[in-house]
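As structure tokens, the structure follows; a few thoughts come after it.
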Amino acid sequence: MTSLPKTTAKKLGLVVDLDICVGCHACAVNCKEWNAGAKSAPLTDYDPYGKKPDGVWFNRVHTYETTDEAGHGQTVHFPRSCLHCEDAPCVTVCPTGASYKREEDGIVLVNEDICIGCKLCSWACPYGAREYDENEGVMKKCTLCVDKIYNENLPEESRVPACVSTCPAGARSFGDLGDPDSEVSKLVAARGGYDLMPEQGTKPVNKYLPPRPRQDGRGGDKAPRMLEHADDSTEGAGLIARWVDKILS
Amino acid sequence: MHPAKSVIFFTTASGAGYGMMIWLGVLAALGMLPQETVFGILVFGLAFALIVGGLLSSTFHLGRPERAWRAMSQWRTSWLSREGLAAIIGFVPLGLFALVAIFSIADMALGVVLGLVGAAMALLTLYCTAMIYASLKTIPAWHNRWTVAGYLVLGPMNGAVILAFLLAVFGFEEAAGTMRTIAGVMIIIGLTVKTFYWKHLATAPATSTAGSATGLGHLGKVEMTGSPHDQDNYLLREMGFRIARKHARKLGRIAIVLGFWMPLACLLVAGIFLDGGLPAAGIALLFVAVIACQIGITAERWLFFAEARHAVTLYYGEKAL
Ligand code: SF4
Ligand code: SF4
Ligand code: SF4
């Protein structure tokens with residue numbers, strides 16, 4: 001059913017810390033690894049060993065550089081996956097009911113058995129979170145690792161999304177963002193977590209934590225950012241140094 | 001957005017077919033619809049062929065065409081679903097209307113009612129098609145009222161030009177004259193709507209930016225320095241289509257000249273020829289109008305897709321849209 005639930009009991013989602021992310025792409029790779037054998041399997045690759053490898057991924061890591069008016073730059077690594085939006089436009093446009101948002105935990109999923117592959121949901125998502133599988137003829141997307149987080153065959157500590165458990169820097173957290181007392185909600189409150197493209201009206205559940213302000217590295221007792229140019233004057237130099245300078249110049 | 005041939009063909013063909021149906025209903029209401037079997041079979045046949053051909057081609061671009069019937073179930077929220085339903089339901093009045101008009105299976109008074117209901121369903125279907133595009137906030141070039149106006153006007157405009165030609169071929173002078181007038185008026189409205197559409201595209205303020213997409217806007221200018229993948233992917237193929245500005249301008253001119261000015265001129269001159277006892281020359285000019293209109297509207301529809309930029313491109317280097 002593509003009508004959105006009015007509320008969901010939980011709002012499970014991710015918090016991505018842009019201050020910590022080092023852009024190693026481990027989350028993207030482990031996402032691919034888990035999901036290639038899970039609910040959405042196969043996670044098709046086209047031409048995997050050829051010249052133009054391409055395929056379906058649920059998580060992509062971009063790198064951006066920001067430059068402020070003073071010309072100071074900052075590099076930010078930016079993982080991008082489904083935000084499990086509360087007002088998910090990808091769900092309401094779906095003509096078949098294949099796309100849906102779960103009432104119990106807010107996870108947005110695709111029922112691949114009834115998807116007709118019209119691709120409209122991928123047009124409706126502002127975040128590029130849905131990728132079409134050309135071989136299967138259906139749409140695929142991040143499942144929030146629904147088959148891992150509830151998997152009782154796994155030890156309790158492993159019941160978190162693959163991208164979260166694999167991140168070597170600890171930049172990703174998982175939890176209930178609908179519960180103000182959850183760890184993730186506290187983290188968001190403490191660090192000023194924000195929505196991507198709030199103007200699109202999708203009300204994303206996932207939040208991003210902004211990079212902390214950088215020290216600009218000039219002045220003070222910080223190491224200089226670049227070598228100062230060589231000093232031409234011999235003023236204040238010792239006798240031998242002045243003598244060598246005379247010979248050489 | 002990637003301009004898929006199947007979708008361009010679908011929207012132009014079914015637009016023309018529904019346009020023809022709308023004017024056939026109007027002609028019936030005006031008491032001007034010629035009740036001649038050969039003519040009837042030809043015009044209604046052509047209109048249905050355009051509609052059905054368009055709908056079929058739109059299912060070709062589905063990943064799973066065999067499940068297409070499922071697309072009718074979510075009419076509560078989905079414009080694509082509503083379009084499918086409107087199209088299927090519309091076949092009932094339109095089909096009965098055709099039977100009455102061609103084979104006189106019932107009184108023409110009933111035919112008029114069926115024709116008008118069918119025309120309303122045709123308009124409703126065009127409206128649903130337009131709303132599929134206009135409802136997408138992610139694509140500001142579509143998310144505006146000129147999109148809806150364009151779909152509601154261009155299909156009927158194209159249908160009117162085709163009907164004006166066919167009526168002239170069969171020598172139904174009075175109806176042909178009326179259709180020429182209607183077609184001329186529709187062309188002027190169509191040109192106005194498209195002019196406003198393009199003006200809107202050029203002047204509308206940005207909805208989203210690379211800054212709001214990443215949330216890094218407060219740090220200054222945001223540029224992508226590392227892509228997640230160094231080959232193409234689905235997102236870039238489907239939504240990252242870019243058209244050179246120079247080609248856009250050229251195609252825009254082709255759309256305007258062939259889609260509007262040329263058919264309008266042909267209609268006017270054809271009217272003079274037909275009234276002046278030169279039917280062959282008039283019909284030839286109307287044929288040119290039909291062909292020009294098809295090329296022009298196809299160019300217009302291609303641009304409609306090619307010029308539209310999607311929010312996801314903001315993650316891949318686009319600055320604002
Ligand atoms: S991020 Fe995109 S795919 Fe995920 S719920 Fe939001 S709109 Fe849908
Ligand atoms: S591609 Fe599948 S999931 Fe997406 S809108 Fe179409 S039918 Fe629904
Ligand atoms: S939650 Fe699971 S499916 Fe979603 S991005 Fe992370 S690893 Fe991939």
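Reported value for the protein assembly as shown: 219 Å³ per residue, from the convex hull of its C-alpha atoms.
Direction-averaged projected area, Cα convex hull, the stretch A:157-206: 4.3 nm², rounded to one decimal.
The spread of Cα positions in the stretch B:203-248, taken along each principal axis and listed from longest to shortest, comes to 33, 33, 16 Å. Ordering B:274, B:236, B:213 by Cα displacement along the dipole of the stretch B:169-316 toward the positive end leaves B:213 in first place; charges were set at the Cβ atoms of Lys, Arg (+1) and Asp, Glu (-1). Dividing the Cα radius of gyration of the stretch A:1-128 by 2.2 N^0.38 Å, with N the residue count, gives 1.24.
Mind checking the stretch A:140-185 for GluC sites (Glu not before Pro) that DSSP puts in a loop (not H, G, I, E or B) and that have at most 15 other Cβ atoms within 10 Å?
On the way: sites: A:152, A:156, A:157, A:183; in loops: A:152.
Those satisfying the criteria are A:152.
In degrees, nearest 10, range 0 to 90: what is the angle between the Cα axis of helix A:26-35 and the longest Cα principal axis of chain A? Computed tilt is about 20 degrees.
Taken together, the values in this text are just the output of simple stated rules run on the coordinates, not laboratory data. Since the structure is predicted, the reported quantities are computational estimates derived from the model, not experimental observations. So basically every Cβ, Gly included, is an ideal-geometry build from the backbone, and we count neighbours across all protein chains shown.
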